[in-house]
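Undergrad: Pasting in a structure now, in structure tokens, and then I'll have a few things to ask.
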Amino acid sequence: MYQLIAELYPICRSITGPGVRETLRRVQARAPIAIREVPTGTPVLDWTVPKEWTVRDAYIKDARGERVVDFRQSNLHVVSYSVPVRTRMSLGKLREHLFTIPERPDWIPYRTSYYQENWGFCLAHRRLLELGDDEYEVVIDASLEDGHLTFGELLIEGAQPEEVLISTHVCHPSLCNDNLSGIALATFLARALAARRLRYSYRFLFIPGTIGSITWLALNEERVSRIKHGLVLACVGDPGPLTYKRSRRHSAEIDRAALAVLGHSGREFTVLDFTPYGYDERQYGSPGFNLPVGCLSRTPHGSFPEYHTSADDLEFVRPAALADSLATVSEIVELLESNKIWVNQNPKGEPQLGRRGLYTQWGGRPDRARRELAMLWVLNLSDGSHSLLDIAERSGLEFGLIKDAADALAGQGLLR
Amino acid sequence: MYQLIAELYPICRSITGPGVRETLRRVQARAPIAIREVPTGTPVLDWTVPKEWTVRDAYIKDARGERVVDFRQSNLHVVSYSVPVRTRMSLGKLREHLFTIPERPDWIPYRTSYYQENWGFCLAHRRLLELGDDEYEVVIDASLEDGHLTFGELLIEGAQPEEVLISTHVCHPSLCNDNLSGIALATFLARALAARRLRYSYRFLFIPGTIGSITWLALNEERVSRIKHGLVLACVGDPGPLTYKRSRRHSAEIDRAALAVLGHSGREFTVLDFTPYGYDERQYGSPGFNLPVGCLSRTPHGSFPEYHTSADDLEFVRPAALADSLATVSEIVELLESNKIWVNQNPKGEPQLGRRGLYTQWGGRPDRARRELAMLWVLNLSDGSHSLLDIAERSGLEFGLIKDAADALAGQGLLR
Amino acid sequence: MYQLIAELYPICRSITGPGVRETLRRVQARAPIAIREVPTGTPVLDWTVPKEWTVRDAYIKDARGERVVDFRQSNLHVVSYSVPVRTRMSLGKLREHLFTIPERPDWIPYRTSYYQENWGFCLAHRRLLELGDDEYEVVIDASLEDGHLTFGELLIEGAQPEEVLISTHVCHPSLCNDNLSGIALATFLARALAARRLRYSYRFLFIPGTIGSITWLALNEERVSRIKHGLVLACVGDPGPLTYKRSRRHSAEIDRAALAVLGHSGREFTVLDFTPYGYDERQYGSPGFNLPVGCLSRTPHGSFPEYHTSADDLEFVRPAALADSLATVSEIVELLESNKIWVNQNPKGEPQLGRRGLYTQWGGRPDRARRELAMLWVLNLSDGSHSLLDIAERSGLEFGLIKDAADALAGQGLLR
């Protein structure tokens, strides 16, 4: 995952344009996603697919002809979606188009100007202070033209048509945690799931934020009802503890699955209630869709100082954090895959486990007592109205223990 | 309000009689209430309208002919509803009819003898200790005769026949917080509401405690079902923090409205669960009516030492406290008036707020981010099953912000 | 109760055999239980009634012919349900059949080998260390033969066919808290209830653990639905505070009754959620029966070091603890007996209690205010959907006060 992030880092992405296309091509080299193109002007729900933005170069040159701000050094320098500019102006006039972070004088902020035509440059505050009261040459060699919105999609078919949605945004330029980390996690999760037998079908979306999910929802309205569970992945590579933001439904199966996994992880984590602010869970959770889609992050957006700055770089994301995030999502998937309602075939009194060898089965294991208890819980609650996750929650035992117990009991015909 | 309290303070009120009538006349000078008279003997639910009590003078004279206890100095001196007395007796016999508060030797207690014929005097304990072992002349120049129970009523008609009930008791003599404060608040609230357009109709009752609400309920059984929300106002003038006592329904809209207002007031407050002890919410909340009527007080009855003593005087109530109580009730009314269920007309995905100018609308305001968030919450939850109060509760934002957001969105046709 | 425990202490009980039979005969001398015999081999739910076990003698003799372990000294020395043995073996081989508690070198553990044929001895660890590297004569003079499973049963018929189940296990040998305490409590509770008029019918079961409840359930499947409330009694004689373990239904009437009694006891207590591990509540609470049966103990099984050792002896149980446990169960029974739904006959407004003498009724009592409040609560909530226990819970008042208030109001025709 880290290697993919390093490979994608230099590319200048935006909500449309060649950067997204190139990013998806590199994802495609790892996981068999399809690359979809939707023409500019296509009406999508309340929105319209915007023009395609291409930036080739951008700079501010001082009187001596030196590039004092240079897109070639960092693509964060140009405000994303800036209209083309080629002019000369005084520092006074130029300042209205310059953005810095005075409290972090060495960091370049990340700014966009979607859905309103404008232009600008972002730069380190320290650099701004060095600029003399000069006249400057200002060039943004960009085009905003009819083209396409590009996104990546992969459906891995499982035994059932019901889908689990994994959605991640691909519209940010050289920012690693936000959201090359999500792209990398989704890519390798897709690769792993494509190689195995699955109960659910899994739909992966690599989309520009907001307009991407709106476009997908608009084009797939009739498919939306198949989505039974979903996760938005964003900012999953920083060293902070994991954060799960609940879906709009608050206690949907995906919410309870995520909490069950985090709750038994032995590590610190945070749970946030749904709010209609954040990533694409806002769109999936709009009242007309109301999909059970939560969001997994490490430190949530806006809560780390590096957020939306040049400090969200290759040092800010860590291989170990990425691995932990992937392991957590994999465990959540595992839980969804095996969360079934079993029915005790011997519901009156306890069945005699001893004569079926079910007590000796765990003989050598240090957690034998908990494994026996897990069997008793599964038998006691498998009355047709409790799923294995219900049983795990009620008993306080890990889902894995409950699942193993159910498998052992089912193996003896005690559950169906 | 304070001025009205000062004007009403000297009047000797009881559950019936000229004091209540005079009090209501002075209220009438500020708000257009009707004064109703119900004859003695009228059966009202399980009760009967009692006789009318008139007291002209009352005193205890010592052997030297000096009034050692004198109704003309304080109407608390005579036990309310005392039967007429004109006799002479030793201190020993008289003592059975004397009431004091030994722990507060300078305060006169307030006592009543409703529904059982008796008589008595209340006095400062220090005065009692001064009484010599004398023979005393004891006079209560009062009459208990067939007459009327008097109460005040005002219906302010709004657009809907559904009513909000505001009820306050008028039966206490010279006690300011309990309940000239409630009378004053109700009077000025009525005056304010009478001057504006309203969604709900508002019914104000100025009634003697218990027998008054029982009488009104008995005479208006067929109207009772129109009452959708209600508040009893009592003890709203002392300097303590506000207290809201829930209705019997515990989480009726009036309860949630009061809590929403208090919860965002930034000031300390107390919430009490319903109990069948207290003011007229006992009657409104009896199981045969079960009306959603809460009670707003500052320090609750019985919890301040001045309660039911001569120390509940003009110094104990404060203009600022009265103003704060009125402002709070007005905010609760405002919330009820605007607590509607809007329906998002663009429920699939978020509508594009930017092109409708809804993001820039709050541009200059310091709470811009919270106002934008309020719009997202209103859009997200306006699915036909959430009122604005539901949205305020769920989002944790003030009701006012939510309402402003709904108004702005409705102005753009995004809500209906 | 303590005397009965002392009498039963020396008897060697097991899940079947003469010890249980003898124990039940001595219970029968105090309470009119029937002794039931179910033949070996009878299929009972998923189980089969096992053989009857009789032990006459058991010992380990050293080379000098001295009994180094002797059943006649403590019946805990032989593993319960051991198959007959008569052999000689070295200490090395014998050790596989010896059980001790190294951390408690003077205590003999209690071990069983039900449902798998085996044999063994339990002894103090200190004694084990004294055994030389000798050859030993090993004798268990026991028989495992077709016979019967024996249990005790008593149905005390009340006015209604609905039953309260009191179940206690009788299968442990010389252990006092576990469970001679439960046997003694159930015996004396049965004796007390047999002597009075009752609303519910009460069924007492004195049964071997697990197989006993399974046998009773199997033989009485059509009667099971009559059981409306139930308690398993176990470990009720130690000096620790009381512990109530909820039924599988979590908030059944028995659970709420037990909590109401414990909550107002003024003493420390513990409430545990249901788990499918423990005593016979596991069987009563299996999903095919799902009976509302909780479990009352003092220190719960497994939580006191004396548990399942020779230290659970006549010193470990205390008359005062037994008395407190019996008083608590009696109070729970009392609550169930009088927990009815009354209906306020005067539901509109409060009835006038004064003219019915209901205020003066509690005149002399120090808790007069609470008794008056209890009347108001009963009137307010007796709307046909609240039982007296509901009212006690909601008001926070003791059930006894609520019941007295209801009786007083019913006496005046205000409730039916």
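Undergrad: Mind putting together the pair-distance distribution for the range A:5-47? All Cα pairs, 10 Å bins, whole percent per bin, short to long.
TA: So the P(r) values, bin by bin, are 24, 47, 24, 5.
Undergrad: Could you work out how much longer the chain between B:A327 and B:Y277 gets when fully extended? Use 0.36 nm per residue separation minus the Cα distance between them, nm to one decimal.
TA: In short, 15.4 nm is gained.
Undergrad: Which residue fluctuates the most in chain C, going by a Gaussian network model with Cα springs under 10 Å, if the choices are C:Q361, C:Q283, C:Q28?
TA: In the Gaussian network model the winner is C:Q361.
Undergrad: Could you state the per residue volume, in Å³, of the convex hull enclosing the Cα atoms of the range A:256-326?
TA: 114
Undergrad: Let me ask something additional. Considering only protein heavy atoms, with the full assembly of protein chains and a 1.4 angstrom probe, order B:T275, B:T150, C:T360 by accessible area, largest first.
TA: C:T360, B:T275, B:T150
Undergrad: Using Stokes-Einstein with the Kirkwood hydrodynamic radius over Cα pairs, what translational diffusion coefficient do you get for the range A:118-248 at 4 °C and a viscosity of 1.567 mPa s, in µm²/s rounded to a whole number? Don't skip to the end; give the middle numbers.
TA: Working: Rh = 17.8 Å.
Once the numbers are plugged in, D ends up at 73 µm²/s.
Undergrad: Excluding A:L217 itself, what net charge comes from residues whose Cβ is under 14 Å from its Cβ, given Lys and Arg +1 and Asp and Glu -1?
TA: -2
Undergrad: I need the trypsin sites (Lys or Arg not before Pro) found in the range A:33-64, filtered to DSSP loop residues with at most 10 other beta carbons within 10 Å of theirs.
TA: Numbers: sites: A:R36, A:K51, A:R56, A:K61, A:R64; in loops: A:K51, A:R64.
Answer by residue number: A:R64.
Undergrad: Could you bin all the Cα-Cα distances of the range A:179-253 into 5 Å bins starting at 0 and give me the percent of pairs in each, rounded to whole numbers?
TA: Answer for the range A:179-253: a P(r) of 3, 11, 19, 23, 25, 15, 3, 1 percent.
Undergrad: Oh, and also: Roughly what angle does helix A:368-381 make with the longest principal axis of chain A, taking Cα atoms, 0 to 90 degrees, to the nearest 10?
TA: Once rounded, the angle reads 90 degrees.
Undergrad: Starting at 0 and stepping by 5 Å, how many percent of the alpha carbon pairs of the range C:122-168 end up in each bin?
TA: The calculated distribution, bin by bin, is 4, 10, 12, 11, 7, 9, 9, 10, 8, 7, 6, 4, 2, 1.
Undergrad: Calculate how steeply helix B:319-338 sits against the longest principal axis of the alpha-carbon atoms of chain B, using the helix alpha-carbon long axis, and give the answer as 0 to 90 degrees to the nearest 10.
TA: Once rounded, one gets 40 degrees.
Undergrad: Per residue, how much accessible area does chain C have with a 1.4 Å probe, in Å²?
TA: For chain C, the per-residue accessible area is 39 Å².
Undergrad: Which FRET efficiency value, to the nearest 0.05, do you get for B:E162 and B:E22 by plugging their Cβ-Cβ distance into 1/(1 + (r/R0)^6) with R0 = 45 Å?
TA: 0.85
Undergrad: Extension gain C:N118-C:S143, at 0.36 nm per residue separation less the Cα-Cα distance, in nm?
TA: 7.7 nm
Undergrad: Okay, next question. Would you mind giving the mean number of other chain beta-carbons within 10 Å of the Cβ of each residue in A:113-126, as a whole number?
TA: That average works out to 1.
Undergrad: Against the empirical 2.2 N^0.38 Å scaling, what ratio does the C-alpha Rg of the range B:288-355 come to?
TA: Output field value: 1.97.
Undergrad: On the first, second and third principal axes, largest extent first, how far apart are the outermost C-alpha atoms of the range A:221-302 in Å?
TA: Reported extents, whole Å, longest axis first: 39, 26, 18.
Undergrad: Just how much of B:T40 is accessible, in Å², when a 1.4 Å probe is used and the result is rounded to the nearest 10?
TA: Estimated to the nearest 10 Å², B:T40 gives 30 Å².
Undergrad: Hey, in the GNM for chain B with a 10 angstrom Cα cutoff, which one of B:G294, B:G354, B:G237 fluctuates hardest?
TA: In this elastic network of chain B, the residue with the biggest mean-square fluctuation among B:G294, B:G354, B:G237 is B:G354.
Undergrad: How much accessible surface area, in Å² rounded to 10, belongs to the heavy atoms of A:I254 with a 1.4 Å probe?
TA: 0
Undergrad: Students often get this wrong: which residues of the range A:226-250 have the backbone nitrogen under 19 Å from the point 7 angstrom along Cα-to-C-beta of A:L314?
TA: Hits in the range A:226-250 for A:L314 at 19 Å: A:236-239.
Undergrad: Here is a follow-up. Beyond 28 Å, what share of the Cα-Cα pairs of the range C:279-416 is found? Please give it as a whole percent.
TA: When every Cα pair of the range C:279-416 is considered, 41 percent fall beyond 28 Å.
Undergrad: Okay, next question. State the answer as a single residue: which of B:V49, B:L94, B:L76 lies farthest towards the positive end of the charge dipole of the range B:1-99, with beta carbon charges of +1 for Lys and Arg and -1 for Asp and Glu, about the Cα centre.
TA: B:L94
Undergrad: For a distance above 18 Å, tell me the whole-number percent of Cα pairs in the range A:79-136 that qualify.
TA: 36
Undergrad: On to the next question. Return, for the Cα atoms of the range B:27-155, the radius of gyration and Dmax in Å, separated by a comma.
TA: 17.5, 56
Undergrad: Where Rh is the Kirkwood radius over the Cα pairs of the protein assembly as shown, the temperature 4 °C and the viscosity 1.567 mPa s, what D in µm²/s does Stokes-Einstein return?
TA: My calculation gives 34 µm²/s for D.
Undergrad: Evaluate the charge dipole of chain C about its Cα centre and quote only its size in Debye, nearest 20, assuming +1 on the Cβ of each Lys and Arg and -1 on the Cβ of each Asp and Glu. Let's see the in-between values first.
TA: Working: 48 positive and 52 negative charges, 273 e Å.
I would put it at about 1320 debye.
Undergrad: Then there's this: Using only helices, what value at 222 nm comes out for chain B when you add -39,500 (n - 2.57) per DSSP H run of length 4 or more and divide by the total residues, to the nearest 500 deg cm²/dmol?
TA: On the way: 12 runs with 121 residues, N = 416.
So the calculated ellipticity at 222 nm is -8500 deg cm²/dmol.
Undergrad: Let me ask something else about it. Treating the beta-carbon of each Lys and Arg as +1 and of each Asp and Glu as -1, no other charges, what is the dipole magnitude of the protein assembly as shown about its Cα centre, to the nearest 20 debye?
TA: I would put it at about 1440 debye.
Undergrad: Rg and Dmax in Å for the range A:182-324, alpha carbons only: what are they?
TA: 15.2, 42
Undergrad: If you draw the axis that swings chain A onto chain C, which residue of A has its Cβ closest to it, and how far is that in whole Å?
TA: Taking Cβ atoms only, the nearest residue and its distance are A:S251, 12.
Undergrad: Using only Cα atoms, tell me the angle between helix B:181-194 and the longest principal axis of chain B; keep it within 0 to 90° and round to the nearest 10.
TA: 40
Undergrad: So, one more: When the convex hull of the C-alpha atoms of chain B is computed, what volume per residue in Å³ does it have? Before the final figure, lay out each step's value.
TA: Values: hull volume 59.1 nm³, N = 416.
Measuring per residue, one finds 142 Å³ for the Cα hull of chain B.
Undergrad: I've got another one for you. At a temperature of 37 °C and a viscosity of 0.692 mPa s, determine how fast the range C:345-416 diffuses translationally according to Stokes-Einstein, using the Kirkwood radius over alpha-carbon pairs as Rh; express D in µm²/s, rounded to the nearest whole number.
TA: Result for D is 272 µm²/s.
Undergrad: Per the Kirkwood definition applied to all pairs of different Cα atoms, how many angstroms is the hydrodynamic radius of the range C:136-201?
TA: It works out to 14.9 Å.
Undergrad: On alpha carbon coordinates alone, what is the Rg over Rh value for the range A:1-81, Rh being the Kirkwood radius?
TA: Rounded to two decimals, Rg over Rh is 1.07.
Undergrad: Using the alpha-carbon centroid of each, what span in Å lies between the range A:225-300 and the range C:62-102?
TA: Taking the Cα centre of the range C:62-102 as reference, the centre of the range A:225-300 is 61 Å away.
Undergrad: For C:K340, give me every one of the lysines with a C-alpha distance below 29 angstrom, ignoring sequence neighbours fewer than eight places off in its own chain.
TA: B:K245, C:K228, C:K245, C:K348, C:K403
The values are calculated or read from the model by the stated rules, or taken from the named source; none is laboratory data. What you see is a predicted model, and the numbers here were worked out from it, not measured in a lab. We place every Cβ from the backbone using ideal geometry, glycine too, and count neighbours over all the protein chains shown. Only protein heavy atoms, including side chains, enter the accessible area calculation; ligands, DNA and RNA are left aside. Shrake-Rupley method; radii C 1.70, N 1.55, O 1.52, S 1.80 Å.
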